[in-house]
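The values are calculated or read from the model by the stated rules, or taken from the named source; none is laboratory data. Everything numeric here is computed off the predicted structure, so don't read it as measured data. Reconstructed Cβ throughout: ideal geometry from the backbone, glycine too, with neighbour counts over all protein chains shown. Ligands, DNA and RNA are stripped out before the accessible areas are found, and what is left, the full protein with its side chains, is counted by its heavy atoms. Shrake-Rupley method; radii C 1.70, N 1.55, O 1.52, S 1.80 Å.
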Amino acid sequence: MKIRGKGKLMATAAAIVVLAVIVLVVAQVADRSDTAALKTFEAPSSSASVPEVGEPITVKEGALAAENGKFQLYWIDTNGQVRIRNKTTGKEWSGVPKTEKALPPNQVKLISNSLVIYYTEGKEIVSTNPAKEKAVVNASSIDDGVRIDYDFETLGLKLAVMYRLTDQGLDVTMPFSLIEESSNKRLTGVELFPFLDAGAPGDPGALFVPDGSGAIMTFDEKKRSSIDFYSEYIYGGDHAFQKAVYEQVSALRFETIAKSPREKIALPVFGLYKGNRAFLGIVTQGAADAKINAYPAGVQNIPLFRISTQFIYRQGDSIFVGANSEVPLMQRDMIPGDRSIRYVFLEDDKANYVGMAESYREYLLNEEGVAPSSDLQPRLQIRLFGGVEQSEVIGNSFVKMTTFEQARTIIDRFIAAGVPNLEVTYEGWSADGLLGDQPAHFPAAAGLGGNKELKKLAAYLKEKDIPLYGAANYVKPFSESSAVKPGRDAIRGLNKEVMNVYKPWVTNMQMSRELYYLLKPWRVYDRYIVKEAGKFSDVGFTGVQLDYMGDLIYSDLTEPVFNRAQTIEAWRRSMDHMRESTGRSAVNYGFSYVLGHVDRINDIPVDFSHYTYLDEAVPFYQIAIHGLIPYSATPANLADDPRVYKLRLLEYGAMPSYKLTHSPTSDLRRSRIDALFNGAYQNWIESATAEYVEISSIQEPLAGLRIVDHELLANGVKRTTYEDGTSIIVNYNPGEVRVEGKAIAGFGYKVLKGGNESS
């Protein structure tokens, strides 16, 4: 009996074997390629340089520990607590604040510590300090300072802190290589200088908190004692750990509650001013894994206002087993890298948040190499929304909101109305629109005209010297994107499962069923940015707006772990690469690591989170960068109150933006776009033009100047002053106010040049 087709079967089987071998080889090559790409983002495993120690130093109360030409460092006690004295002026900043009221012995003992240790044995996190643990403290001399070694014998933990005096104050460093763990207790965090120069209720001064644009917490003695305090991650929470970003983590996914809307910490800074002295803290190493803690008087029953940095060495989370069994998890290994804070000590007229912002600006210029932008001209930013897919009974349809040809019509209308200085950012222009196939973006959406019409638009804008940015999403794609393979591309949590990010409902902050993924940062750069950068310039874009790279960083807990500092490096490389390819790069919000790597910042924070213990928003961010990089506020046509919006622009030195469409926004009613509720350009040409003409006439002569002062003149009345003497006074009150003899109408303003009202 013959079996027909036997030869074909054998050939097919052989082909399958060969195909399997090819797939295996390709997979191995891909793995090697991935490993090679991943290694380019390797995190430091130990200190780059730990200075040699000199002679041992006796830690003796009141003794001089170190000095340089300007400052002296004295021991306060044998726990390693110190005070710093300016040799010329005699002013001092003490780790143990002096208080007029006698404190209970247990509080005195607590505030005498130079650091707070956080550790875990697997479940809850416990805080302690050198005095409580009777730590062995030894000191040695190093160049310009001292090294203090702490041996927590009861915890099986050793660490060291180095103090170096500088011309500006003090650099404090915790070398990672000097941390030792020899028990089942695992270090999770360290809070340095928790009581540095703390203020008592009634003292003249305030804490500076880097919430949003910046905020102050005054030492008002009429404030009620608080049990709540400010504790937020620099650069926002980490989505690889649900507890860092959600108020409540539930076993039921759609009962998880997101945090209420709030501002993020964009700059790694904090400070305190009291009387005629102040300090600014700049987190120079380890900011990606750190919190800023600001305590009102009353927290822990301590009647002091204080602020500090808490460095994170391990993050924790929870997973659920079964219906409702919650199991705590903690990172096995510490997050590597040294941690450092630079303390800048300020006096007299610089002892305030303005002096702090000026000092941070100098740090950006001299230490970070941030140079002024070559194009600071105030422009009206028009953000055009292209299109989006929406679900139908069968399949999807494409909603065209602004085609590339219609974009020319909108631009022509603005130019004809009297706005020549425009800047265009196109959103939802790529394949299948805003929620399409990101991180793949090309070709341009066929429904908008495709690459052909996009090139025509780009050439048209180039003739008119109007920059054209393409908004690109390489970070947070919609789950239905066919370009994403979650198991390969998305980050994982401590449970090694892909992290799902659900958009919360606006009404109750619970998770909707709108699902997104966060992409592995090293793949973003190596697999997408490098491959697509040239295509943006090919179709005529003169810049790229990199969505989420300016306001979102996270870890990936897939082995080997990719930490947040590495994510920052991936984002920076992406900004630089796009800049080189197209000429410009831009981001939203603007975490500090983008400075020097982008040409503009959109949606820069111009407010604070309005926590009850914070008193006022201040333009710390804007004082630090005005004249270095152009920035704009969130779209005016989506603002809650246009009167307040305009005053914020004037107070903060920002330009307006508008998010517009050609078709009526009612066409989006069945799509997932729910925030663009008033964008039809026909409704905004007149008012946007009037606002631009008004704002730009004030901002244009100030565009390259520093902000040198900002004052809270009265409730709701602020004054911003520039280096040429121009000052802008804004009145957020509905009624008229008088300032220095000049009447300012409700929700009005005055521009003064050299003390005289300008025309």
Practice task
For region 610-694, count the residues as N, evaluate 2.2 N^0.38 Å, and divide the Cα radius of gyration by that value, please.
Solution key: 1.31
Exercise for the section: Please calculate the 1.4 Å probe accessible area of TYR692, with all protein chains present, and give it to the nearest 10 Å². Expected result: 10 Å²
Problem - PHE442 versus SER260: modelled label distance in nm, points set 7 Å from Cα along the beta carbon direction - result: 4.6 nm
Practice task
Report, in deg cm²/dmol and to the nearest 500, the calculated mean residue ellipticity at 222 nm for the chain, where each DSSP H run with n ≥ 4 adds -39500 (n - 2.57) and the sum is divided by the residue count.
Solution key: -6500 deg cm²/dmol
Exercise for the section: For LYS185, go through the aspartates and glutamates and keep the ones whose alpha-carbon is under 16 Å away, minus same-chain ones fewer than eight residues off. Expected result: GLU121, GLU124, GLU133, ASP151, GLU153, ASP333
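Per residue, what accessible area does the chain have, given a 1.4 Å probe and all protein chains present, in Å²? Intermediate results must be reported in sequence, preceding the final value.
Values: 31940 Å² over 759 residues.
Per-residue accessible area for the chain comes out at 42 Å².
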Exercise for the section: Using θ = phi - 60° and the Karplus relation 6.51 cos²θ - 1.76 cosθ + 1.60, list the HN-Hα couplings for region 713-722 in order, rounded to whole Hz, with x at every Gly or Pro. Expected result: 6, 6, 4, x, 10, 10, 10, 10, 10, 9
Fill in the blank from the handout: Under the rule rounded for a/c under 1.5, else prolate if a/b exceeds b/c, else oblate, using alpha carbon gyration tensor axes a ≥ b ≥ c, region 483-556 is classed as oblate
Practice task
Give the carbon-plus-sulfur fraction of the accessible surface of the chain in %, rounded to a whole number; probe 1.4 Å, heavy atoms of protein chains only.
Solution key: 50 percent
Handout entry: Straight-distance crosslink candidates among lysines, where the alpha carbon sits under 19 Å from LYS400 and sequence neighbours closer than 8 are dropped
Key = LYS452, LYS455, LYS456, LYS659
Problem - Under the Karplus curve 6.51 cos²θ - 1.76 cosθ + 1.60, θ = phi - 60°, whole-Hz ³J(HN,Hα) for region 577-590, x wherever Gly or Pro sits - result: 5, 5, 4, 5, 7, 10, x, 8, 9, 8, 9, 9, 6, x
Exercise for the section: Quick one: which residues, 5+ away or cross-chain, put their amide H under 5 Å from the amide H of TYR589? H built at 1.01 Å from N. Expected result: ASN602, ASP603, ILE604
Exercise for the section: Output the antiparallel fraction of DSSP beta bridges having both residues in region 418-522, as a percent to the nearest 5. Expected result: 65 percent
Fill in the blank from the handout: Note on region 207-354: alpha-carbon gyration tensor, axes a ≥ b ≥ c; rule is a/c under 1.5 for rounded, else prolate if a/b larger than b/c, else oblate; result prolate
Practice task
Would you rank ARG253, ARG262, ARG513 by solvent-accessible area, highest first, keeping every protein chain in place and using a 1.4 Å probe?
Solution key: ARG513, ARG253, ARG262
Problem - Along principal axes, Cα extents of region 159-224, largest first, whole Å - result: 48, 36, 25
Exercise for the section: Sequence neighbours fewer than 8 away in the same chain don't count; with that in mind, list the aspartates and glutamates whose C-alpha is under 19 Å from LYS750. Expected result: GLU651, GLU691, GLU694, GLU700, ASP709, GLU711, GLU723, ASP724, GLU736, GLU740
Handout entry: Charge dipole of the chain about the Cα centre (unit charges at C-beta), most positive-ward option of TYR426, ILE307, LEU165
Key = TYR426
Problem - Amide proton proximity set for GLN248, modelled H, under 5 Å, gap of 5+ - result: ILE257
Practice task
Multiply the residue gap between LYS462 and ASP538 by 0.36 nm, knock off their C-alpha separation, and tell me the result in nm, one decimal place.
Solution key: 26.0 nm
Problem - Among (i) 98, 47, 46; (ii) 112, 57, 51; (iii) 94, 91, 47, the entry derived from the coordinates for Cα extents along the principal axes in Å - result: (iii)
Practice task
Keeping all protein chains in position, work out how much accessible area TYR593 exposes to a 1.4 Å probe, and write it in Å² to the nearest 10.
Solution key: 0 Å²
Fill in the blank from the handout: As a percent rounded to 5, the proportion of antiparallel DSSP bridges among beta bridges in region 500-613 is 45 percent
Handout entry: Karplus-derived HN-Hα couplings along region 196-201 (A = 6.51, B = -1.76, C = 1.60, θ = phi - 60°), whole Hz, x at Gly and Pro
Key = 4, 6, 3, x, 9, x
Practice task
With a 1.4 Å probe and all protein chains in place, put THR128, THR542 in order of accessible area, largest first.
Solution key: THR542, THR128
Practice task
Run the 1.4 Å probe and let me know the accessible area of HIS577, rounded to the nearest 10 Å².
Solution key: 50 Å²
Completion exercise
per DSSP, antiparallel bridges as share of beta bridges in region 369-455, % nearest 5, sits at 50 percent
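Quick one: length gained pulling VAL506 to LEU64 fully straight, 0.36 nm per residue minus the C-alpha distance? Spell out each step's value before the answer.
On the way: separation 442, 0.36 × 442 = 159.12 nm, distance 5.74 nm.
Result: 153.4 nm gained on full extension.
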Problem - Under-5 Å amide H pairs with GLU514, H placed in peptide plane, nonlocal only - result: LYS503
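Under 25 Å between alpha carbons: how many lysine pairs meet that in region 489-568, if sequence neighbours fewer than 8 apart on the same chain are excluded? Could you put the intermediate results ahead of the total?
On the way: LYS496/LYS520; LYS503/LYS520; LYS520/LYS531; LYS520/LYS535.
Final tally of qualifying lysine pairs is 4.
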